[in-house]
Amino acid sequence: MSATPDRKGQLGPADIRARKGGEPVVCLTAYTTPMARLVDAHCDIALVGDSLGMVLHGLPSTIGVSMEMMILHGKAVARGCSRACLVVDMPFGSYEEGPEQAFRNAARMMAETGCQAVKLEGGRHMAETVAFLVARGIPVMGHVGLTPQAVNTLGGYKVQGRDPDEADRIAGDAAALADAGAFAVVLEKLPEALGARITQEIAVPTIGIGAGVDCDGQVLVVDDMLGLFADFRPKFVKRYAELGGDADTAIAAYAAEVRARRFPGPEHAFGAGKPA
Ligand code: KIV
């Protein structure tokens, strides 16, 4: 069990829900304690996304992410969060069988990580499960549009809802989740106009990722917006830094200095009799 976090001053799902149509909700992913501290200082939601499977563990998709992985990283992020609302993704296979399975795993997730809410993917077919969890004390964030856990049925990571019937279906999915009690809904990779439409139509905040500026809030994978991956540049990600390039330059300089015996210098060495 994690230590029960001190919740004084920490945003909760009800605070996020109350931001509908108001101040934009700022969300980033975090997977480790040091990154959680940085995110917590500036964001309203710290999301332990199952994107950690790809970002941290080198998996080809989120399909192989387990409850144990999410709990390990959820606990690490909880240690760095004192202000942001902490939301942890339910991994593939941990909630789709039905409300009871979802409750069992979501309750474990909350008890072991100290998170305030869970996020799960899927539209109207998940509404019954969302209502079941919410009625039993588990706040839920929904996720529609591009749902990466369904990559094999969606046939890739393409923009969703470009044709009118599909747009109507996704709008209906978001409405079903909101009606079932979700406190916010992530809209991933939708045409801007559909992001705006759903934001107008549902009563809870929409948190967009590649769904346009009209959503009630925005989320990005923190490693993407920090530019940690040279070869991953999706259109919807603005890179606010180029840390991958900086890290490469720094590691190359270190390697060169070690090979040339220029590191460590005298200032990094302990001389006899000198204090540490
Ligand atoms: O897993 C994740 O990081 C996510 C966000 C990108 C919304 O679900």
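With helices as the sole contributors, the chain gives -11000 deg cm²/dmol at 222 nm; each DSSP H run of n ≥ 4 counts as -39500 (n - 2.57), and the sum is divided by every residue. In terms of its Cα atoms, the stretch 13-225 spans 43, 36, 35 Å along the principal axes, sorted from long to short. What you get for the stretch 108-160, charging only the Cβ of Lys and Arg (+1) and of Asp and Glu (-1), is a dipole of about 60 debye around the Cα centre. Among 111-121, 193-203, the peptide with the highest mean count of other Cβ atoms within 10 Å heads the list, and the full ranking is 111-121, 193-203. Nonpolar atom fraction for the stretch 13-225, defined as the carbon and sulfur part of the 1.4 Å probe accessible area, stands at 56 percent. Taking the 0 to 90 degree range and rounding to the nearest ten, how far is the long axis of helix 243-259 tilted relative to the main principal axis of the chain, both from C-alpha atoms? Taking Cα atoms only, the helix is inclined about 20 degrees.
Overall size of the stretch 154-246 from C-alpha positions, given as principal axis extents largest first: 45, 27, 19 Å.
The length gained by stretching the chain between R162 and L38 to full extension, at 0.36 nm per residue less their Cα-Cα distance, is 41.1 nm.
Computed from point charges on the beta carbon alone (+1 for Lys and Arg, -1 for Asp and Glu), the dipole magnitude for the stretch 13-225 about its Cα centre is near 520 Debye. Relative to the longest principal axis of the C-alpha atoms of the chain, give the angle of the C-alpha long axis of helix 99-113, reported between 0 and 90° and rounded to the nearest 10°. Its long axis makes an angle of about 30 degrees.
If you count Lys pairs in the stretch 13-225 whose Cα atoms are under 26 Å apart, skipping same-chain pairs closer than 8 places in sequence, the total is 6. Highest average first, the peptides 122-131, 33-42 ordered by how many other beta carbon atoms sit within 10 Å of their residues are 122-131, 33-42.
The values are calculated or read from the model by the stated rules, or taken from the named source; none is laboratory data. Please read these numbers as outputs of a predicted model, since none were measured by experiment. Quick reminder, even Gly has a Cβ in these numbers, built from the backbone with ideal geometry, and neighbours come from all protein chains shown. Protein only, heavy atoms only, side chains kept; ligands, DNA and RNA dropped before computing areas. Shrake-Rupley method; radii C 1.70, N 1.55, O 1.52, S 1.80 Å.
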